[in-house]
Amino acid sequence: MDHTGIYGYMRVSSKDQNEDRQRIALLAMGVPEKNIYMDKQSGKDCERAQYKRLLRKLDEHSVLYIKSIDRLGRNYSDLNEQWRIITKEKKADIVVIDMPILDTRREKNLLGTFISDIVLTLLSYVAENERNNIKQRQAEGIAAAKARGVKFGRPSIPLPDNFYSVHKMWRDKKLTLKQAAKVCNLAESTFFDKARDFERS
């Protein structure tokens, strides 16, 4: 079997540890190691160096293997755009290992292409919806935690014992901000923030 037109693409984010799983899946499909392209970054945009190199190699005799559909892009419009470029402009085939229905080699007629396009549109829509739901759940979780009094960010610096007397002297213009902060052993910006919070309360 001639492997020259068989390619694989992997994308892993810096936090992602599934690089080996993707590589093993691609090799198992007969993709030569030298034809596997990998970008180690977010898929939020398609300015990916290896992906661009791969696109230049693809033509009507190529088959591109990816483990899962979200390796191509991270949102609904981007995924569909990359699918269109590969299948329509480059006229290459795509095989999504985790989703056998997304194998453009199966049906070379209009109906087969139509079905693949519909399935892809549906899947990418569902994937984006799920990401948005996760973000919303995270935001709701943070809001609920804040309502319960959970503090986020760096712990607040406790007020020094002399803060109130120093604050009064600063407000009475007996001390400059720099002097007041120094006496309290605080950074000027911290002293100012503490003073503002104290005055509001």
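The values are calculated or read from the model by the stated rules, or taken from the named source; none is laboratory data. Worth saying up front: this structure is predicted, and the values here are computed from it rather than measured. No Cβ is skipped: glycine too gets one built from the backbone with ideal geometry, and neighbour counts run over all protein chains shown.
If you go through the stretch 40-48 one residue at a time, do you hit one that is surrounded by fewer than 20 Cβ atoms within 10 Å (Cβ to Cβ) and assigned to a strand (DSSP E or B)?
yes
Residues checked against (1) in a strand (DSSP E or B); (2) modelled with pLDDT of 85 or more; (3) of a type in the set (Ser, Thr, Tyr):
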| position | (1), (2), (3) |
| --- | --- |
| Lys88 | no, yes, no |
| Ile101 | no, no, no |
| Thr113 | no, no, yes |
| Leu120 | no, no, no |
| Ser124 | no, no, yes |
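Quick one: would you say Lys90 is surrounded by 13 or more Cβ atoms within 10 Å (Cβ to Cβ), touching a Leu at 6+ places or on another chain (Cβ under 6 Å), of a type in the set (D, E, K, R) and within 16 Å of Ile6 (Cβ to Cβ)?
It is true that Lys90 is surrounded by 13 or more Cβ atoms within 10 Å (Cβ to Cβ), touching a Leu at 6+ places or on another chain (Cβ under 6 Å), of a type in the set (D, E, K, R) and within 16 Å of Ile6 (Cβ to Cβ).
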